[in-house]
Amino acid sequence: MTSDSFAERVRDQMLDSGVLIASSVDGVYGRSGTYELVARALEDFFTRLGSDVVEDYVRFPPVLPREVFEKTGYVSSFPDLMGSVHSFVGDERQHAELLRLAESGQPWAQSLEPTDVMLCSAACHSLYPSYSGELPEGGHKLQVSGWCFRHEPSRTLTRMQSFRMIEYVCVGTATDAAASRELWIRRARAALGDLGLDFDVVTANDPFFGRGGRLLARSQRDEELKFEFVISFDADSPPVAIASSNLHLDHFGQTFGISTASGEVAHSTCFGWGWDRIVLALFCHHGTDPDRWPDGLRSTLWP
């Protein structure tokens, strides 16, 4: 069976069982009560996992200020993945023209103007502006979650356009960031084992855009700034990342004017869980009825 046919079979299984609800756009799905039952249990599992090291749990909306988005570097590095929020701000005459275009089946989105917000591409991006200025001794460690968007339309369920992430973020000294990174790599190994998932840890890079992006990707790999936890949904399918460890160095510290208690530019790191991808992995590997999952897995998710 080819990777494509396997992906189609999994998609059909999830839709036929009612776990997911299809839309007219590839990569955009509704989630059933059964799906959300597992998603909530997984969120609780990750929250328990970090309860002894994070100072707070925060959740952000699926949009963030355009000025913040521009500062993250996403416009130059990932223009093909961006999502911008546009709205109508015209007068009655312009509204009439919009209606004429829409009713005649012509493109009408040209009548819209950019708003002050963008669709969020990573849950942690909304956090860094709040830390502008001097950090306390030891920095900050938080659990962050939210809806994200990346323009990657695909019928493969692991490539959704709208999805959720849970991240453990550390902002502090270079030593703080490095220690947090090692902590979460260790904990993730144990956690994914508890969920009954077989995985590998590989050096990785983000999908930077263009010729300059290829240089950035090579540098990211050479410096081992990103590691991914990957699993195979099927023996004939390429591995898929379900979690990643990202060391940002002082990128966000420089960008948002964040300094340590000693006056140095702050470093940061995040460990991101592919929340929806892990839910999908559990359904794929254990079946679409959570009541029939192995007792050990059920006790892990519903203690």
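The values are calculated or read from the model by the stated rules, or taken from the named source; none is laboratory data. Since the structure is predicted, the reported quantities are computational estimates derived from the model, not experimental observations. Using ideal geometry, Cβ is built from the backbone for each residue, glycine included, and neighbour counts are taken over all protein chains shown. These accessible areas exclude ligands, DNA and RNA; they are computed on the full protein's heavy atoms, side chains included. Shrake-Rupley method; radii C 1.70, N 1.55, O 1.52, S 1.80 Å.
Before moving on, here are some points about what is shown:
- Being assigned to a helix (DSSP H, G or I) and in contact with a helix residue (DSSP H, G or I) (Cβ under 9 Å, 6 or more places away or on another chain) holds for only one residue in Leu192, Leu197, and it is Leu192.
- Segment 164-180, residues that are in contact (Cβ under 8 Å) with a residue 12 or more places away in the chain and surrounded by fewer than 20 Cβ atoms within 10 Å (Cβ to Cβ): Ala174, Ala178
- Any hit, segment 255-265, residues being open to solvent by 30 Å² or more (accessible area, probe 1.4 Å) and closer than 20 Å to Ser76 by Cβ: yes
- Each residue in segment 187-205 was checked for being buried (at least 16 other Cβ atoms within 10 Å of the Cβ) and not hydrophobic (A, V, I, L, M, F, W, C), and 2 pass.
- Taken over segment 123-152, the criterion of being among the aromatic types (Phe, Trp, Tyr) and open to solvent by 60 Å² or more (accessible area, probe 1.4 Å) is satisfied by Trp147 alone.
- Residues of segment 65-109 satisfying the condition of being open to solvent by 40 Å² or more (accessible area, probe 1.4 Å) and closer than 23 Å to Gln254 by Cα: Pro65, Arg66, Glu67, Glu70, Lys71, Val75, Ser76, Pro79, Met82
- Of all residues making up segment 110-122, the number that are open to solvent by 60 Å² or more (accessible area, probe 1.4 Å) and over 25 Å from Thr72 (Cβ atoms): 1
- Out of Arg155, Arg187, sole residue that is more than 20 Å from Glu70 (Cβ to Cβ), of a type in the set (Lys, Arg), touching a helix residue (DSSP H, G or I) at 6+ places or on another chain (Cβ under 9 Å) and in a loop (DSSP other than H, G, I, E, B): Arg155
- Residue under evaluation Gly138, criteria (1) at pLDDT below 95; (2) over 24 Å from Asp56 (Cα atoms), criterion not met: (2)
- Candidates in segment 206-226 are the residues that are of a type in the set (Gly, Ala, Ser) and surrounded by 12 or more Cβ atoms within 10 Å (Cβ to Cβ); of these, the one that is farthest from Trp293 (Cα to Cα) is Gly210.
- Qualifying positions in segment 203-232 - basic (Lys, Arg) and under 15 Å from Ser244 (Cβ atoms): Arg221, Lys226
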